[in-house]
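Chemist: Below: one structure in C-alpha cells.
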Amino acid sequence: MVRYSVITDKNPREIVLLRGFGCAWKKCTFCDYHLDCSPDAAANLALNRTALAQVTGQYGRLEVINSGSFCELDADTMAEVERVCQAQGIHDLHFECHWMHRREIPALRVRFAGLGVRVHIKIGVETFDRAYREGVLHKGIGVSDPAEIAADFDECCLLFGLSGQTADSMRRDIQTGLAHFDRVCVNIMVENTTPVKPDPAVIQIFCREIAPAYLDDPRVDILMENTDFGVGGAEQ
C-alpha cells in the first residue's frame, strides 16, 4: 500500500498514511478503513518509520492520517512524528480525530506547539444533518450545532454520493462546513466492503450542480476517489 505522497495543488503538503492500533469507534456504517490496523506496536512503528522517512519538508506542512484518530498511534510513532517535524522543518501538522477523542486534542496542540508546530485537526462529520448522520451513518456525534462540533476542530470531512442526498443538502453541507471550519474535504462514496453503496445518480448531481462552484476554491478539497491524495492505493 502507498503510504507517502505529495499534494501539490490546494494547500500543498506532504501526506503519510500510518498504521495504528485501529479505530476505537468502528461503528460508521460506510467505513472499512479501520481494517488497516495492527495490535503489534513494533510492526506498526517499523512500517510508519518507512513512510515518515520519505518526508522532505518541502512545503513545511505534513498531513498524518491513520485510518482512525491520532491517539490510536503508538507512542513511539508519535515520537517519530515529532522527530521528523523538527528535522524537516515542519511548521504545520494535520491530524484526524473522531469526536469521541476531542478531549485529547488540547494536549496534542500544546505538545507540538512546544516544537513550534501548529496542529490542525480534521473531523469526519460527513453531513451536518444530524438525523442522517446518526440514523444512517452512525457517526457517533451526539450534537446538532455545527459551531459546537467545530469548537475543538479546524477542518472537516463530508461524504457525498449517498442515497437520499440532494443538490440542496450537499450544497448546504459545504456552506455550513466553510462557515465553521478552516477547510472542507469532500469525499465521494466509493464501493467498499460495507453494505453502504455509492448512488450514481447522486454523484452525477454533485458533479453537475455542486462541484463546479468549488473546484477552484482553495479551502475545499474534492476527492472523487479515496486515493486521490495519493495514499491508500496499491504499490505499482
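Chemist: Mind listing just one residue for me: the one in the stretch 118-140 that is among the hydrophobic types (A, V, I, L, M, F, W, C) and in contact with an Asp or Glu (Cβ under 7 Å, 6 or more places away or on another chain) and, of those, farthest from Leu162 (Cα to Cα)?
Modeler: This residue is Ile121.
Chemist: When you scan the stretch 209-228, do you find a residue that is more than 18 Å from Lys10 (Cβ to Cβ), surrounded by 14 or more Cβ atoms within 10 Å (Cβ to Cβ) and free of Cβ contacts under 8 Å to residues at least 60 places away in the same chain, even just one?
Modeler: Yes, the stretch 209-228 contains at least one residue that is more than 18 Å from Lys10 (Cβ to Cβ), surrounded by 14 or more Cβ atoms within 10 Å (Cβ to Cβ) and free of Cβ contacts under 8 Å to residues at least 60 places away in the same chain.
Chemist: Picking from Val202, Val186, Val231, Val143, which residue would you name as being in a strand (DSSP E or B) and on the phi < 0 side of the Ramachandran plot?
Modeler: Sole residue among the options that is in a strand (DSSP E or B) and on the phi < 0 side of the Ramachandran plot: Val186.
Chemist: OK, next. Residues that are part of a loop (DSSP other than H, G, I, E, B), closer than 28 Å to Glu235 by Cβ and touching a helix residue (DSSP H, G or I) at 6+ places or on another chain (Cβ under 9 Å): does the stretch 104-116 have at least one?
Modeler: For the stretch 104-116, residues part of a loop (DSSP other than H, G, I, E, B), closer than 28 Å to Glu235 by Cβ and touching a helix residue (DSSP H, G or I) at 6+ places or on another chain (Cβ under 9 Å): absent.
Chemist: Check off (1) surrounded by fewer than 18 Cβ atoms within 10 Å (Cβ to Cβ); (2) of a type outside the set (S, T, N, Q); (3) out of contact with any Leu (no Cβ under 6 Å at 6 or more places or on another chain) for His101 and give me the number that stays unchecked.
Modeler: The one condition His101 does not meet is (1).
Chemist: Collect the residues in the stretch 1-44 that are of a type in the set (Asp, Glu), over 15 Å from the mean Cα position of the chain (by Cα) and over 21 Å from Leu62 (Cα atoms), keeping them in residue-number order. Break it down stepwise before answering.
Modeler: Residues of the stretch 1-44 that are of a type in the set (Asp, Glu), as a first pass: 9, 14, 32, 36, 40.
Those still in the list that are over 15 Å from the mean Cα position of the chain (by Cα) too: 9, 40.
Result: Asp40, single match.
Chemist: Are any residues in the stretch 173-197 surrounded by fewer than 17 Cβ atoms within 10 Å (Cβ to Cβ) and under 26 Å from Gly233 (Cβ atoms), and if so, which ones?
Modeler: If the condition is that a residue be surrounded by fewer than 17 Cβ atoms within 10 Å (Cβ to Cβ) and under 26 Å from Gly233 (Cβ atoms), then Val190, Glu191, Asn192, Thr193, Thr194, Pro195, Lys197 are the ones that fit.
Chemist: Would you check if Val125 is more than 22 Å from Pro12 (Cα to Cα), of a type in the set (Val, Ile, Thr), assigned to a strand (DSSP E or B) and modelled with pLDDT of 95 or more?
Modeler: yes
Chemist: Within the stretch 67-77, is there a residue that is surrounded by 14 or more Cβ atoms within 10 Å (Cβ to Cβ), assigned to a helix (DSSP H, G or I) and of a type in the set (S, T, N, Q)?
Modeler: Yes - at least one qualifying residue is present in the stretch 67-77.
Chemist: For Gln54, state whether it is part of a loop (DSSP other than H, G, I, E, B) and either buried (at least 19 other Cβ atoms within 10 Å of the Cβ) or in contact with a strand residue (DSSP E or B) (Cβ under 6 Å, 6 or more places away or on another chain) (or both).
Modeler: Criteria met by Gln54.
The values are calculated or read from the model by the stated rules, or taken from the named source; none is laboratory data. Everything numeric in this text was worked out from a predicted model, so none of it was measured. Using ideal geometry, Cβ is built from the backbone for each residue, glycine included, and neighbour counts are taken over all protein chains shown.
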